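*Asks:* Take this structure, written in structure tokens, and hold onto it; I'll ask about it next.
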Amino acid sequence: MTELTSIWPLFNLTLTTPRLVLRPVADQDFPAAVAAAKSGIHEPGKSPFSTPWAEAPAEELGPNMARWHWRSRAESTPESWSLILGIWHDGGLVGCQDIGAKDFGTLKTVSTGSWLKRSVQGRGLGKEMRAAVVLYAFDWLKAEVAESEAADWNAASLGVSHSLGYELNGVTRTAWGDKVEDVQKIRVTPETFNRPDWTLKVEGHDPVAKFLDIS
């Protein structure tokens, strides 16, 4: 019988940290991801996302999330790709961490974004999951830069970035839902990255690298 991982090689990837397991979200994981998002991610009316997807009506959140995952997979090619990794902690899905790139073969640059349900925030899990994908980017994908951004009021996200060695990389004005926000751009390189004191376990890298044409 043909395995799903042979059809969609990105499903092979698993990253393991001391407290977390990160792997691509599959269709069977959608109910758990939707439940985690519905449990609450941020203070009402204070969305950390440029598109306030987590504030959608409950009956719309699930279909919207499924569409987003399907679109991200469908549009992933060596020239432009996105990996949306589910975050499993103590056996349950508690959020997502994405890593993606455009023209990676030339730019060697990745970008990241994430969310965690509120009930597990404040435990350092956000830092651990970001460190995991940055380690994977630098040590396995041979990226030279990792970029991210956050609204300038988002002290929690910017604090995680600062603790990992990210440097400020300019401010832009961006449409943020129905508002305008100043958005802080940030970047980290292998030279400035504050590496954690644990080792990242990586499984299933070779099929991913082959699919994305990364040597």
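*Asks:* How many of the residues making up the range 169-182 are touching a strand residue (DSSP E or B) at 6+ places or on another chain (Cβ under 9 Å) and either among the acidic types (Asp, Glu) or touching a residue at least 40 places away in the same chain (Cβ under 8 Å) (or both)?
*Replies:* 5
*Asks:* Of all residues in the range 131-152, which are free of Cβ contacts under 8 Å to residues at least 60 places away in the same chain and open to solvent by 40 Å² or more (accessible area, probe 1.4 Å)?
*Replies:* GLU144, GLU147, GLU149, ASP152
*Asks:* If I ask for residues that are of a type in the set (Phe, Trp, Tyr), touching a helix residue (DSSP H, G or I) at 6+ places or on another chain (Cβ under 6 Å) and under 25 Å from LEU141 (Cβ atoms), which ones from the range 1-53 would you list?
*Replies:* Once the filter is applied, which keeps residues that are of a type in the set (Phe, Trp, Tyr), touching a helix residue (DSSP H, G or I) at 6+ places or on another chain (Cβ under 6 Å) and under 25 Å from LEU141 (Cβ atoms), the range 1-53 yields only PHE11.
*Asks:* Could you please tell me which pairs satisfy a Cβ distance under 9 Å, a separation of 6+ or placement on different chains, a first residue in the range 94-122 that is within 16 Å of GLU75 (Cα to Cα) and of a type in the set (D, E, K, R), and a second residue that is open to solvent by 50 Å² or more (accessible area, probe 1.4 Å) and not in a helix (DSSP H, G or I)?
*Replies:* ASP98/SER111; ASP98/SER114; LYS102/GLU79; LYS102/SER111; ASP103/GLU79
*Asks:* Right, something else. Looking at the range 138-165, which of its residues are over 20 Å from ARG123 (Cβ atoms), of a type in the set (A, V, I, L, M) and assigned to a loop (DSSP other than H, G, I, E, B)?
*Replies:* Residues satisfying the conditions are LEU141, ALA143.
*Asks:* Among (1) open to solvent by less than 20 Å² (accessible area, probe 1.4 Å); (2) modelled with pLDDT of 95 or more, which single condition is ARG195 missing?
*Replies:* Only one criterion is unmet by ARG195, namely (1).
*Asks:* Before we move on, is LEU200 in contact with a Lys or Arg (Cβ under 9 Å, 6 or more places away or on another chain), at pLDDT 95 or above and open to solvent by less than 40 Å² (accessible area, probe 1.4 Å)?
*Replies:* Here the answer is no, as LEU200 does not meet what is asked.
*Asks:* Right, another one. In the range 44-78, how many are more than 21 Å from SER148 (Cβ to Cβ) and outside any helix (DSSP H, G or I)?
*Replies:* So the answer is 6.
*Asks:* Taking GLY40, is it touching a residue at least 40 places away in the same chain (Cβ under 8 Å), over 17 Å from ASN154 (Cβ atoms) and surrounded by 12 or more Cβ atoms within 10 Å (Cβ to Cβ)?
*Replies:* So GLY40 does not fit the description; no.
*Asks:* Just to be sure I understand, how many residues within the range 49-76 are surrounded by fewer than 17 Cβ atoms within 10 Å (Cβ to Cβ), of a type in the set (Ser, Thr, Tyr) and free of Cβ contacts under 8 Å to residues at least 40 places away in the same chain?
*Replies:* Of the residues in the range 49-76, 0 are surrounded by fewer than 17 Cβ atoms within 10 Å (Cβ to Cβ), of a type in the set (Ser, Thr, Tyr) and free of Cβ contacts under 8 Å to residues at least 40 places away in the same chain.
*Asks:* Within the range 154-175, count every residue that is open to solvent by less than 80 Å² (accessible area, probe 1.4 Å) and more than 25 Å from LEU200 (Cα to Cα).
*Replies:* 7
*Asks:* Just checking, which of ALA150, ALA146, ALA155, ALA175 is small (Gly, Ala, Ser) and closer than 18 Å to ILE84 by Cβ?
*Replies:* ALA146 is the lone residue from the list that is small (Gly, Ala, Ser) and closer than 18 Å to ILE84 by Cβ.
*Asks:* Next question. When the range 87-108 is examined, which residues are found to be more than 22 Å from ARG187 (Cβ to Cβ), crowded, with 21+ Cβ neighbours inside 10 Å and small (Gly, Ala, Ser)?
*Replies:* GLY95 - this is the single residue of the range 87-108 that is more than 22 Å from ARG187 (Cβ to Cβ), crowded, with 21+ Cβ neighbours inside 10 Å and small (Gly, Ala, Ser).
The values are calculated or read from the model by the stated rules, or taken from the named source; none is laboratory data. Model, not experiment: these values are computed from the prediction. Note: ideal-geometry Cβ built from the backbone for every residue, glycine included; neighbour counts use all protein chains shown. Each accessible area value is taken on the protein alone, full model and side chains, heavy atoms only, with ligands, DNA and RNA left out. Shrake-Rupley method; radii C 1.70, N 1.55, O 1.52, S 1.80 Å.
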